[in-house]
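The values are calculated or read from the model by the stated rules, or taken from the named source; none is laboratory data. For clarity, every value in this text was computed on a predicted model and none was experimentally measured. Backbone-built Cβ (ideal geometry, glycine too); neighbour counts: all protein chains shown.
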Amino acid sequence: MNHLRATLLFSAALLLGTGTAQAALPDSATMYKNPECGCCDEYARQLEALGVSVKLVDDVEVGRIKQRVGLPYGHGSCHTIQMGGYAIEGHVPFEAVKKLFEERPDTRGIGLAGMPIGTPGMPGPKREDWHIYQFRNGEAEPFMTL
């Protein structure tokens with residue numbers, strides 16, 4: 001009987017832990033992108049599959065958005081997302097996005113420069129490590145590597 005109780009408690013803890021990770025993501029996001037960028041649209045679809053409603057804005061100068069959020073020079077990608085008080089630059093893997101909202105560090109946002117193959121929205125298999133950075137005051141520092 002004690003074994004059954006321990007198993008049930010462990011299972012409940014696992015389920016609660018899983019729910020917490022999903023609940024950490026905000027309900028909505030705004031993506032600023034170029035109107036012709038299909039990989040950005042695919043990233044938005046995958047983010048929506050995680051339960052986040054994504055508003056697409058493709059009639060603004062994306063460079064101004066990047067400046068407004070304080071993105072460090074040379075660290076850009078094809079789209080910028082504003083979500084839950086943070087900026088997310090480019091095709092950041094969702095594991096890093098979830099970590100951002102679980103930990104809520106004192107930063108303006110996170111990003112992944114360029115458009116690496118294999119990231120959400122980018123076709124193909126992963127070819128190399130992805131170095132996700134965080135940024136504040138126009139400066140980037142490591143956030144995580146996947």
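Looking only at the stretch 107-117, filter to residues that are part of a loop (DSSP other than H, G, I, E, B) and modelled with pLDDT of 95 or more; which one of those is nearest to the chain's Cα centre (by Cα)?
Leu112
From the set of residues in the stretch 118-146 that are assigned to a loop (DSSP other than H, G, I, E, B) and polar (S, T, N, Q), which is surrounded by the most Cβ atoms within 10 Å (Cβ to Cβ)?
Thr119
From the list Glu89, Glu48, Glu42, pick out the single residue that is among the acidic types (Asp, Glu), in contact with a Pro (Cβ under 9 Å, 6 or more places away or on another chain) and surrounded by 12 or more Cβ atoms within 10 Å (Cβ to Cβ).
Going through Glu89, Glu48, Glu42 in turn, the sole match is Glu42.
Pull up the stretch 48-79, narrow it to residues that are in contact (Cβ under 8 Å) with a residue 40 or more places away in the chain and touching a Ser or Thr at 6+ places or on another chain (Cβ under 9 Å), then point me to the one that is farthest from Phe143 (Cα to Cα).
That would be Val69.
Which residue pairs have Cβ atoms under 8 Å apart, sit 6 or more places apart or on different chains, and have a first residue in the stretch 85-105 that is farther than 11 Å from Leu47 by Cα and a second that is of a type in the set (D, E, K, R) and not in a loop (DSSP other than H, G, I, E, B)?
Between residues of the stretch 85-105 that are farther than 11 Å from Leu47 by Cα and residues that are of a type in the set (D, E, K, R) and not in a loop (DSSP other than H, G, I, E, B), the close pairs are Glu89/Lys66.
Which members of the stretch 44-83 meet the condition of being at positive phi and in contact with a strand residue (DSSP E or B) (Cβ under 8 Å, 6 or more places away or on another chain)?
Gly70, the sole residue that qualifies.
Each row is one residue, and each column tells you yes or no for (1) at pLDDT 95 or above; (2) within 22 Å of Arg104 (Cα to Cα); (3) among the β-branched types (Val, Ile, Thr).
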{"site": "Asp27", "(1), (2), (3)": "yes, yes, no"}
{"site": "Met31", "(1), (2), (3)": "yes, yes, no"}
{"site": "Asn34", "(1), (2), (3)": "no, no, no"}
{"site": "Arg45", "(1), (2), (3)": "yes, no, no"}
{"site": "Glu61", "(1), (2), (3)": "no, no, no"}
{"site": "Gly74", "(1), (2), (3)": "no, no, no"}
{"site": "Ile81", "(1), (2), (3)": "yes, yes, yes"}
